[in-house]
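Have a look at the structure below before the remarks.
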Amino acid sequence: MRRRHLLAVLPLSQAAAQPGWAPARPLRIIVPLAPGGTADTIARLIADPLAAQLGQAVIIENRPGGTNTVAAVQVARAAPDGTTLLYAPPPVQILNPLMMRNLPYDAMADFAPVIALMRAPKLLVVRPDFPAGSVAEFIAAARARPGRITYASSGIGSSAHLAGALLAQMAGIELLHVPYRGTAPGVQDLMVGRVDMVLDTAAALLPLVREGRVRALAVSTRDPAQAAPELPIIAQTLPGFHDASFNYLLAPARTPPEAIAALNAALNRVLAEPTVQARFAALGAEPVGGTPAELAAMVREEIERWRDVIVKQRITIE
């Protein structure tokens with residue numbers, strides 16, 4: 001997924017296009033996570049401006065459970081009329097097919113791409129007294145103590161788990177993964193020194209960095225993060241390293257192309273609104289936008305990025 005603002009290069013003719021399709025009833029955006037997190041916040045952030053664009057209410061429904069599968073099945077089985085959308089974090093199409101044996105939906109055939117919503121860089125942070133001030137020093141410390149340096153995540157197969165596994169694989173080091181039930185408990189243990197490192201979203205970690213509770217070494221994306229431009233990138237030490245939380249919208253398969261086009265155009269206009277962009281920035285996220293075809297290409301790129309890590313590390317979830 002290339003770091004570029006697709007919104008900035010969206011053709012003016014597309015951005016100004018009037019939809020040839022309009023929803024016949026209120027839209028539902030199904031979020032596969034509990035209320036209060038970044039995904040839920042962003043879904044609610046776009047709901048009102050999207051409603052204004054389409055002339056219909058937009059309702060956010062939270063359907064957590066089953067590593068996003070509960071919500072995914074609900075949308076896969078919904079009427080393909082453009083009024084039910086799935087807020088898709090990476091597990092839906094990218095990670096679950098690689099880690100789950102009996103996925104209750106077809107990750108590709110059951111959905112149609114609508115638009116890439118946002119990406120959010122991750123921060124590599126360590127406990128305040130960890131004896132490393134850079135990525136190179138962190139790697140050296142891990143090589144000196146193989147399997148002794150710990151990193152926390154929000155659970156097996158989570159994006160933070162996979163990010164740490166990618167870092168270890170590319171650096172040729174052995175890290176000890178410590179899974180928690182959610183991000184907050186692991187970060188709390190990082191602050192008090194029970195674990196050594198976390199590689200998770202800037203939205204979750206940057207406030208703690210600013211307060212001096214944890215120490216940031218680098219960001220995970222190919223280019224510096226807008227939210228923390230002063231931090232170096234991991235790729236300066238590990239060329240080719242790249243990871244960003246990536247969320248997008250899907251519709252049920254067989255949704256009419258004119259509905260997809262109208263939704264995509266409306267959402268591109270929403271993501272280009274200055275107030276929306278400012279609220280994304282406050283969350284440590286960057287709006288993406290673009291076409292359904294560009295989203296499909298991003299998904300394919302992410303699948304290939306994580307396939308090697310998941311297979312080599314033998315990461316599975318039930």
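The values are calculated or read from the model by the stated rules, or taken from the named source; none is laboratory data. All figures in this text were calculated on a predicted structure; none of them were measured in a lab. Cβ sites come from the backbone with ideal geometry, for glycine too, and all protein chains shown count toward neighbours.
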Original post:
Is there a residue being within 22 Å of Ala160 (Cβ to Cβ), without any contact (Cβ under 8 Å) to a residue 40 or more places away in the chain and not assigned by TED's automatic domain parsing to the domain that holds Ala168 anywhere in the range 69-80?
Top reply: yes
Subject >> Residue list for the range 20-54, restricted to those being in a loop (DSSP other than H, G, I, E, B), among the hydrophobic types (A, V, I, L, M, F, W, C) and under 15 Å from Leu117 (Cβ atoms) >> reply: Leu33
Original post:
Taking the range 38-56 as the region of interest, how many residues are at pLDDT below 95 and of a type in the set (S, T, N, Q)?
Top reply: 2
Subject >> Residues (buried (at least 20 other Cβ atoms within 10 Å of the Cβ) and free of Cβ contacts under 8 Å to residues at least 40 places away in the same chain) located in the range 45-62 >> reply: Val58
Original post:
If you take the residues of the range 155-203 that are surrounded by fewer than 22 Cβ atoms within 10 Å (Cβ to Cβ) and of a type in the set (D, E, K, R), which of them is modelled with the lowest pLDDT?
Top reply: Arg181
**OP:** Filter the range 85-94 for residues that are at pLDDT 95 or above and more than 20 Å from Arg44 (Cα to Cα) and give the result.
**Re:** Gln93, Ile94
Original post:
Is it the case that some residue within the range 90-104 is under 14 Å from the mean Cα position of the chain (by Cα) and β-branched (Val, Ile, Thr)?
Top reply: yes
Original post:
Based on what the data block shows, is Arg77 touching a helix residue (DSSP H, G or I) at 6+ places or on another chain (Cβ under 9 Å), modelled with pLDDT of 95 or more and on the phi < 0 side of the Ramachandran plot?
Top reply: no
Original post:
Can you name the number of the only condition in (1) under 24 Å from Ala39 (Cα atoms); (2) out of contact with any Phe, Trp or Tyr (no Cβ under 9 Å at 6 or more places or on another chain); (3) not in a helix (DSSP H, G or I) that Leu238 fails?
Top reply: (1)
Subject >> Given (1) buried (at least 20 other Cβ atoms within 10 Å of the Cβ); (2) more than 22 Å from Pro26 (Cβ to Cβ), index of the condition Arg101 fails >> reply: (1)
Original post:
Residue check, Lys122 against (1) outside any helix (DSSP H, G or I); (2) surrounded by fewer than 19 Cβ atoms within 10 Å (Cβ to Cβ); (3) of a type outside the set (A, V, I, L, M), all met but one. Which one?
Top reply: (2)
**OP:** Report yes if some residue within the range 236-246 is on the phi > 0 side of the Ramachandran plot and surrounded by fewer than 19 Cβ atoms within 10 Å (Cβ to Cβ); otherwise report no.
**Re:** yes
Subject >> Residues of the range 225-256 satisfying the condition of being over 15 Å from Ser134 (Cα atoms), out of contact with any helix residue (DSSP H, G or I) (no Cβ under 9 Å at 6 or more places or on another chain) and modelled with pLDDT under 95 >> reply: Pro229, Ala244
**OP:** Residue by residue through the range 280-300, note down the ones that are closer than 17 Å to Leu123 by Cβ and assigned to a loop (DSSP other than H, G, I, E, B).
**Re:** Leu283, Gly284, Ala285
Original post:
Ile260: crowded, with 16+ Cβ neighbours inside 10 Å, in contact (Cβ under 8 Å) with a residue 24 or more places away in the chain, under 21 Å from the mean Cα position of the chain (by Cα) and at negative phi, yes or no?
Top reply: no
Original post:
Of all residues in the range 63-90, which are touching a strand residue (DSSP E or B) at 6+ places or on another chain (Cβ under 7 Å), polar (S, T, N, Q) and in a loop (DSSP other than H, G, I, E, B)?
Top reply: Thr83
Subject >> Gln226 in contact with a Gly (Cβ under 9 Å, 6 or more places away or on another chain) and surrounded by fewer than 18 Cβ atoms within 10 Å (Cβ to Cβ) >> reply: yes
